[in-house]
Amino acid sequence: MRSVTEHQQVIADLIRPRPAQRRAPGDALGLVLAADVTATLALPGFDNSAMDGFAVQAADIASASAEHPVTLPVADDIPAGRTDIRPLQPGTAVRIMTGAPLPPGATSVVPVEATDADFAAPAPPAGQRVAIRTATTEGQHIRRAGEDVAIGTTVLRTGQRLTPAALGLVAALGLAEVDVLPPPRVLVMSTGSELIAPGTPLLPGQIYESNAVMLAAAVREAGAIAVTAPTVRDEPAAFRAALDAHAGDVDLIITTGGVSAGAYEVVKDALGGQVEFTKVAMQPGMPQGAGLVAGTPIVTLPGNPVSSLVSFEVFLRGPLRAAMGLPPDRPRISATLTEDLTSPLGKRQFRRGVLAGTTVTSYGPPASHHLRWLASANCLLDIPADVDRLAAGSQLDVWDLSTG
Ligand code: AMP
Ligand code: MG
């Protein structure tokens, strides 16, 4: 039997990143940069006012105080967005709003609160005078061009994940596109003649399809794009036809079911020779397969629901995330076991568990069809292949499924 680590390597070698893509910032949230972002624009782009108030020469109001205000004529009005800015004449004030370009010659801004002006009033300022009740220092309430970002600064680095703030910065710099690692498109296809879609009445012997729903969600949770195909019956020709319909337009195919030792193993029957079917020394999830179909990587997971999702965690989540430049592993914690446990010698066992702080308790039986327990577990206990019993109080590795 192949070890878990060996099969992980086989799958890691199969899944390669897609070439970098140029994307609009609005379409890049959560993706990882494939190139540095360097500013070709300064931020702020021009000297502007940090306050609603009056642009002045600080020297003109050096003597201003509450008792002895300095009164200046208001020569102009500059709302944000005005582009035709005339220089400030000494001995005058210019009404100015936050973010509006500072007139050349102005050396400070007086906030409206330190004046007798009423900005709520609709009257235009022309011909008005303003009484200023406080002096200002040179440069006060002015945002200088380039004080946030100077032209030529590398503001975001290759490998950095695009957060909302990073996307805002990209847009502020006027960039219509960024280079990112695009998420892989992953086809999820379940097989089994017993499977029918939820919402349809069950006949005796039929069950509802659950793996495709679950694995597509796991693909999305990992950050990739899930493409779902209709469930395929256990007929090799139908399975091949379904594969051929999709193989060209996805980056990875995941199938479930039809790979164990029974008869009617549709995936094995259809892909023998093309895909390497193997047994991995693990529980759950022993029957596995990996290979290429028409040049597209394919990973064939077992059909038992717990086996299929644990197999995704163990073999696929990491490589998919690595292909997107994301941290591949779930957080691993060394936790203290609260109970005695046994585990099959020679197989690495992934038991479902509940992690509370740094103590862990197994949750539900080890059987691979008990999905209920996995649905409310928050971790996997990673019990090494050469361990057959663990006493309460032992330390063991736990994969924290609640984050990452
Ligand atoms: P298989 O690997 O095809 O032999 O399936 C193993 C077990 O998993 C059987 O009990 C199947 O009915 C069940 N199973 C397989 N695929 C699915 C699926 N997509 N949804 C729910 N159960 C499944
Ligand atoms: Mg089956």
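The values are calculated or read from the model by the stated rules, or taken from the named source; none is laboratory data. From a predicted model like this one, the values you see are computed outputs, not experimental measurements. Reconstructed Cβ throughout: ideal geometry from the backbone, glycine too, with neighbour counts over all protein chains shown.
When 207, 196 are screened for being exposed (fewer than 14 other Cβ atoms within 10 Å of the Cβ), within 14 Å of ligand 2 (Cβ to nearest atom) and either closer than 30 Å to residue 401 by Cα or not hydrophobic (A, V, I, L, M, F, W, C) (or both), only 207 passes.
Just one of 188, 155, 180, 112 is within 16 Å of ligand 2 (Cβ to nearest atom), hydrophobic (A, V, I, L, M, F, W, C), on the phi < 0 side of the Ramachandran plot and touching a residue at least 12 places away in the same chain (Cβ under 8 Å); which is it? Selected residue: 188, the only one of 188, 155, 180, 112 that is within 16 Å of ligand 2 (Cβ to nearest atom), hydrophobic (A, V, I, L, M, F, W, C), on the phi < 0 side of the Ramachandran plot and touching a residue at least 12 places away in the same chain (Cβ under 8 Å).
What number of residues within segment 341-375 satisfy the criterion of being under 20 Å from residue 1 (Cβ atoms) and in contact (Cβ under 8 Å) with a residue 40 or more places away in the chain? Before you say what the answer is, go through the steps one by one.
Keep residues of segment 341-375 that are under 20 Å from residue 1 (Cβ atoms), which gives 342-351, 366-368.
Checking the rest, the ones that are also in contact (Cβ under 8 Å) with a residue 40 or more places away in the chain come to 342-350, 366-368.
Here the count works out to 12.
Candidates 82, 2: the one that is of a type in the set (Lys, Arg), without any contact (Cβ under 8 Å) to a residue 24 or more places away in the chain and out of contact with any Gly (no Cβ under 8 Å at 6 or more places or on another chain) is 82. The lone criterion from (1) closer than 30 Å to residue 110 by Cβ; (2) within 16 Å of ligand 1 (Cβ to nearest atom); (3) acidic (Asp, Glu) left unmet by residue 147 is number (2). Cβ separations smaller than 9 Å between residues 6+ apart or across chains give the following pairs from segment 202-216 residues that are without any contact (Cβ under 8 Å) to a residue 12 or more places away in the chain to residues that are part of a loop (DSSP other than H, G, I, E, B) and near ligand 1 (Cβ under 10 Å from one of its atoms): 205/194.
Is one or more of the residues making up segment 319-326 part of a helix (DSSP H, G or I), touching a residue at least 40 places away in the same chain (Cβ under 8 Å), over 22 Å from residue 213 (Cα atoms) and more than 16 Å from ligand 1 (Cβ to nearest atom)?
Step one: of segment 319-326, the residues part of a helix (DSSP H, G or I) are 319-323.
Among the residues that remain, those that are also touching a residue at least 40 places away in the same chain (Cβ under 8 Å) are: 319-323.
If we keep only those that are over 22 Å from residue 213 (Cα atoms) as well, we get 322-323.
Retained after the next criterion (residues that are more than 16 Å from ligand 1 (Cβ to nearest atom)): 322-323.
Among the residues of segment 319-326, at least one is part of a helix (DSSP H, G or I), touching a residue at least 40 places away in the same chain (Cβ under 8 Å), over 22 Å from residue 213 (Cα atoms) and more than 16 Å from ligand 1 (Cβ to nearest atom), which makes the answer yes.
Pairing residues of segment 22-41 that are surrounded by fewer than 21 Cβ atoms within 10 Å (Cβ to Cβ) with residues that are acidic (Asp, Glu), at Cβ distances under 7 Å and at least 6 apart in sequence or on separate chains, gives 22/177; 22/179; 23/177; 24/177; 34/179; 35/179.
Identify the residue in segment 344-360 that is of a type outside the set (Val, Ile, Thr) and more than 20 Å from residue 315 (Cβ to Cβ) and, among all such residues, is farthest from the chain's Cα centre (by Cα). For segment 344-360, the residue satisfying everything is 345. Note on segment 248-268: residues that are surrounded by fewer than 17 Cβ atoms within 10 Å (Cβ to Cβ), free of Cβ contacts under 8 Å to residues at least 60 places away in the same chain and within 24 Å of residue 227 (Cβ to Cβ) total 1.
Whenever a residue of segment 299-318 is aliphatic (A, V, I, L, M), its partners that are near ligand 1 (Cβ under 10 Å from one of its atoms) and modelled with pLDDT under 95, lying with C-beta atoms within less than 9 angstrom and at least six residues away or across chains, give the pairs 306/368; 306/369; 306/371; 309/371; 310/368.
For the criterion of being farther than 23 Å from residue 226 by Cα, at pLDDT 95 or above, within 14 Å of ligand 1 (Cβ to nearest atom) and not acidic (Asp, Glu), residue 175 fails.
Here are some residues: 348, 332. Which one is surrounded by 20 or more Cβ atoms within 10 Å (Cβ to Cβ) and charged (D, E, K, R)? It would help to see each step written out before you state the result.
Values: 332 fails: surrounded by 20 or more Cβ atoms within 10 Å (Cβ to Cβ).
When all the criteria are applied, what remains is 348.
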